[in-house]
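Before any comments, here is the structure.
The values are calculated or read from the model by the stated rules, or taken from the named source; none is laboratory data. Since this is a predicted model, take the numbers as computed values, not measurements. Positions of Cβ are backbone-derived with ideal geometry, glycine not excepted, and every protein chain shown enters the neighbour counts. When the accessible area is computed, the model is the full protein with side chains, heavy atoms only, and any ligands, DNA or RNA have been set aside. Shrake-Rupley method; radii C 1.70, N 1.55, O 1.52, S 1.80 Å.
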4 protein chains.
Amino acid sequence: MKNLTNRQLQALETKNKLIDAALLVFAKKGYSATTTKDIAREAGVTDGLIYHYFKSKEDLLWAVIDKHTLNHELSKIAADAGTNEPVETILIRMIHSLFDLLHEKAGLIVMFFGESQRNAAVRERLAQLIQQGTQIFYQLLSERMDAQELYLKIAIRNLLTSLVMYFLTDDRYNNDVNQRKEYIKTTVHQFLKMFN
Amino acid sequence: MKNLTNRQLQALETKNKLIDAALLVFAKKGYSATTTKDIAREAGVTDGLIYHYFKSKEDLLWAVIDKHTLNHELSKIAADAGTNEPVETILIRMIHSLFDLLHEKAGLIVMFFGESQRNAAVRERLAQLIQQGTQIFYQLLSERMDAQELYLKIAIRNLLTSLVMYFLTDDRYNNDVNQRKEYIKTTVHQFLKMFN
Amino acid sequence: MKNLTNRQLQALETKNKLIDAALLVFAKKGYSATTTKDIAREAGVTDGLIYHYFKSKEDLLWAVIDKHTLNHELSKIAADAGTNEPVETILIRMIHSLFDLLHEKAGLIVMFFGESQRNAAVRERLAQLIQQGTQIFYQLLSERMDAQELYLKIAIRNLLTSLVMYFLTDDRYNNDVNQRKEYIKTTVHQFLKMFN
Amino acid sequence: MKNLTNRQLQALETKNKLIDAALLVFAKKGYSATTTKDIAREAGVTDGLIYHYFKSKEDLLWAVIDKHTLNHELSKIAADAGTNEPVETILIRMIHSLFDLLHEKAGLIVMFFGESQRNAAVRERLAQLIQQGTQIFYQLLSERMDAQELYLKIAIRNLLTSLVMYFLTDDRYNNDVNQRKEYIKTTVHQFLKMFN
DNA sequence: CATGAATGAGACTTCATTCAT
DNA sequence: GATGAATGAAGTCTCATTCAT
């Protein structure tokens, strides 16, 4: 797009390095408990540099959140759904993709949960994310299942939150692929029985 | 049981005041972001007194956790279940009781979620709580529904985590009783359809 | 002497217990680094009781110092000197007694040295002690040796300070009786050669 | 040796300023009784800066000790001894140099004594210093006096500790040059008589 | 006489932030 | 753009001291 000088490129790279480092440490220790020094060290830069790119520690938190909207990734999961397969197959594949996404973005997810209780703006984003995920699944399922909108949305919402909770409390600690597979299979089966 | 002098009683009261204050502030701001001064002010005592009763801020966190195990409360919900009614009625009443408990212990719940990501020991407790809740519902439902143990437990676990997530992200902010009622009714309905 | 009631007796005992405990802990950790709690615990009483007997921590320090003047003990060493023996024998016996005293009052000695640098009044007491020791040895030796007063006093003073330093830096850590014996014998021998 | 930028030089200077300030205040008040604020004020910097250079107050104590080993200074005193003069002249000159050193390093000496009773590692250093001083004097005197090694070493050790004690308890408070001169002259005279 | 709960000042230390280089 | 020395406010914790019981 733009033609950036070497210096501008390096600046951009450093900024991204800082955002990524911040996400990592925020997720591990929580926003309050991480120090700017932690972030600088994780990013491999010196303390002061953070303030060259961000107004404050809080500003950096927002940069982290802004960089990782998950919008794109969630849409992509839906797009990969395929069309002519049975709903169960589609759902299972989507949920596996969702777990992959959760694992890839574990830091982000964890941070969202950890910070959402004490930071209203973060909470908004979390609610928005759930809403968005519900919508994506809804669009896909509404034409395939015969159910009222609210009924379907509640079911989807409960499905998604169950999945995220399972990820947060089990799956990310015991990375047992078979157990996850079994869990997903059963959960999808139970989900579909709601619409018989 | 024990014969406490007035002074010992008052000391116990102060200690409890500190634990309650700590829970309140931890829940609001998170462990790291709350200062011992916050806690002391909330409890209406001076800063130093915390350290007369607790070795450290962390020690106080543990006292908070130890005081609020929810063991008793969860069991009580199950005991109130009644026997000769239809499962749906029982479940709905139990879940309403659960929401009451969640509201009453909101601070605790929030703290558990907020701290669990960065404190392994707290995470253990949370996992334990989920496990315990699942068990209580399982005992009640296993004799009423015809399903495999694992199948039933996964369903219950997903149900409970959905409920807690709903509480955390919606219910506690918009205290709309009707919306909650509707949500519970639908959710229970969907849950039961899994066993048709 | 006086007829004390049981309660007064107990009070006296407690007060002494506190003074002894204080000396012990002051010697081990130094005045500044010991807490009143340390002292109370060492004495086996509760925190507040110190202030029933002493105005302040500093006041307790003075009580410690006042209780242990060493006046009496030093005089006794001189009195035990014997009369018709050779000077060397007398000196060696006195110095052995001095070492016994140093060991017995190690805590006090150590405290005097530790505190004297930062507390002028303690320093006075220390200078006084050295002066007193010198005088006691002087009285004994002046009639037995042919030397000028100043010459003799300097010799004695150097002898005594050497002995105390030996005690502080060696003897109290390696309680090797033979090594001490050898050291005293040689030191006395060298001391007496000054007067040939 | 190293090429330091201005900034690095200034940093080094600040660090040294802190170490010197610490020595000064530790000597005056003792380690426990001096506050980090005292040190910062003495060094003319703000409180927090101490922790940019040192991990803790204790760490600063060690930096103080490490910076002032006295190794070099003690050796220099021996080197200045001269060769063809009578022992008495040499000794007197050395001891005057030693007193100059003691005065110059009074803070350090005082701190060593004050802290050595409650800090084993400091005590080690003190013992080492005495040992080292003894050795330096021994090398010089062993070829000039006819005496057994142990006999000579005990004499030297007692001489040195006497001198230090004289410095600590008298000389540094009444800075009377004549009195010191007289004391040294007599003490050296007495020392040499041990080898007649 | 004895207890130990309570206070409040102040200790050590951390940390977000600034700024000269 | 990058460094890291420096600041100062604030945090956790300690401790001499008081006082109601």
Inset, instruction - Rank A:LEU4, A:SER32, A:ALA63 by how far each Cα sits towards the positive end of the charge dipole of region A:1-83 (+1 on Lys, Arg Cβ; -1 on Asp, Glu Cβ) and give me just the farthest. - result: A:LEU4
Inset, instruction - May I ask you to derive the FRET efficiency for D:ASN84 and A:GLN10 from their Cβ-Cβ distance with R0 = 51 Å, giving the value to the nearest 0.05? - result: 0.10
Inset, instruction - Tally up the carbon and sulfur contribution to the accessible surface of chain A as a whole percent, 1.4 Å probe, everything protein left in place. - result: 50
Inset, instruction - Pull out the extension gain between C:GLU58 and C:ASN71, defined as 0.36 nm times the separation in residues minus the alpha carbon to alpha carbon distance; nm, one decimal. - result: 2.4 nm
Legend entry - Subset of A:LYS29/A:LYS105; D:LYS17/D:LYS37; C:LYS29/C:LYS57 violating a 26 Å alpha-carbon distance limit: none
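Could you tell me which of the pairs A:LYS67/A:LYS153; C:LYS153/C:LYS193; C:LYS55/D:LYS28 are separated by over 21 angstrom between their Cα atoms in the structure shown?
Over 21 Å apart, Cα to Cα: A:LYS67/A:LYS153; C:LYS55/D:LYS28.
Ratio of Rg to Rh for region B:77-181, alpha carbon only, Kirkwood?
A ratio of 0.98.
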Inset, instruction - Jot down the radius of gyration and Dmax of region C:1-48, Cα atoms only, both in angstrom. - result: 12.6, 39
Legend entry - Proximal charge balance of C:LEU102 [Cβ under 13 Å; K/R count +1, D/E count -1]: -2
Legend entry - Among B:GLN132, B:ALA155, B:ALA43 the positive-end extreme of the charge dipole of chain B (Cβ point charges): B:ALA43
Legend entry - For the protein assembly as shown, convex hull volume per residue from C-alpha positions, Å³: 260
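Local charge sum around C:GLN117 (other residues, Cβ-Cβ under 12 Å, Lys/Arg +1, Asp/Glu -1)? Could the numbers behind the result be given before it?
Numbers: positive: C:ARG118, C:ARG123, D:LYS28, D:LYS29, D:ARG172; negative: C:GLU115, D:GLU115.
Here the charged neighbours net out to +3.
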Inset, instruction - Place a +1 charge on the Cβ of each Lys and Arg in region A:91-150 and a -1 charge on the Cβ of each Asp and Glu, then give the dipole magnitude about the Cα centre in debye, rounded to the nearest 20. - result: 200
Inset, instruction - Identify the residue of chain D whose Cβ lies closest to the rotation axis that maps chain D onto chain A, and give that distance in whole Å. - result: D:GLY48, 4
Inset, instruction - Please give the total accessible area that chains B and A bury against each other, computed with a 1.4 Å probe and expressed in Å² to the nearest 100. - result: 3400
Inset, instruction - May I ask you to report, in nm to one decimal and beginning with the shortest, the distances from B:GLU182 to the same position in the other copies, taking label points 7 Å along Cα-to-Cβ? - result: 3.9, 9.8, 10.7
Legend entry - Using distinct alpha-carbon pairs, which all enter the 1/r mean, Kirkwood radius of region D:25-115 in Å: 15.2
Legend entry - chain C: DSSP helices with Cα axial extent of at least 18 Å and average Kyte-Doolittle hydropathy no lower than 0.5: C:87-104, C:149-166
Inset, instruction - Please work out, to two decimal places, the log10 of the ratio I(q)/I(0) at q = 0.08, 0.17 Å⁻¹ from a Debye calculation in which every Cα of chain D carries one identical scatterer. - result: -0.34, -1.12
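About its Cα centre, how strong a charge dipole does region C:41-175 have in debye, to the nearest 20, once Lys and Arg get +1 and Asp and Glu get -1 at the Cβ?
On the way: 14 positive and 18 negative charges, 70 e Å.
I would put it at about 340 debye.
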Inset, instruction - Between copies, how far apart are the A:GLU85 label points? List them in nm, one decimal, shortest first, with each point 7 Å from Cα toward Cβ, please? - result: 4.3, 10.0, 10.6
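Would you mind getting the accessible area per residue of region C:89-196, heavy atoms of the protein chains only, 1.4 Å probe, in Å²? Could you put the intermediate results ahead of the total?
Details: 4390 Å² over 108 residues.
Here the residues of region C:89-196 average 41 Å² of exposed surface.
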Inset, instruction - Per residue of B:146-157, count partner chain C-beta atoms within 10 Å of its C-beta, then hand back the mean as an integer. - result: 3
Inset, instruction - Report, for A:ALA127, each distance to the same residue's label point in the other copies, shortest first and in nm; define the point 7 Å along Cα→Cβ. - result: 3.2, 7.0, 7.8
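Assign unit charges at the C-beta atoms only (+1 for Lys and Arg, -1 for Asp and Glu), then state the dipole size of the protein assembly as shown relative to its Cα centre in Debye, rounded to the nearest 20.
Working: 100 positive and 92 negative charges, 156 e Å.
In total the dipole reaches around 740 debye.
How much net charge surrounds C:THR34 when only other residues with a Cβ under 13 Å from its Cβ are counted (Lys, Arg +1; Asp, Glu -1)?
Numbers: positive: C:LYS28, C:LYS29, C:LYS37, C:ARG41, C:LYS57, D:ARG118; negative: C:ASP38, C:GLU42, C:GLU58, C:GLU115.
Combined, the nearby Lys, Arg, Asp and Glu give +2.
If you count, for every residue in B:113-120, the Cβ atoms of partner chains within 10 Å of its Cβ, what is the mean?
On the way: counts 7, 7, 3, 5, 13, 10, 3, 1.
Average per residue, whole number: 6.
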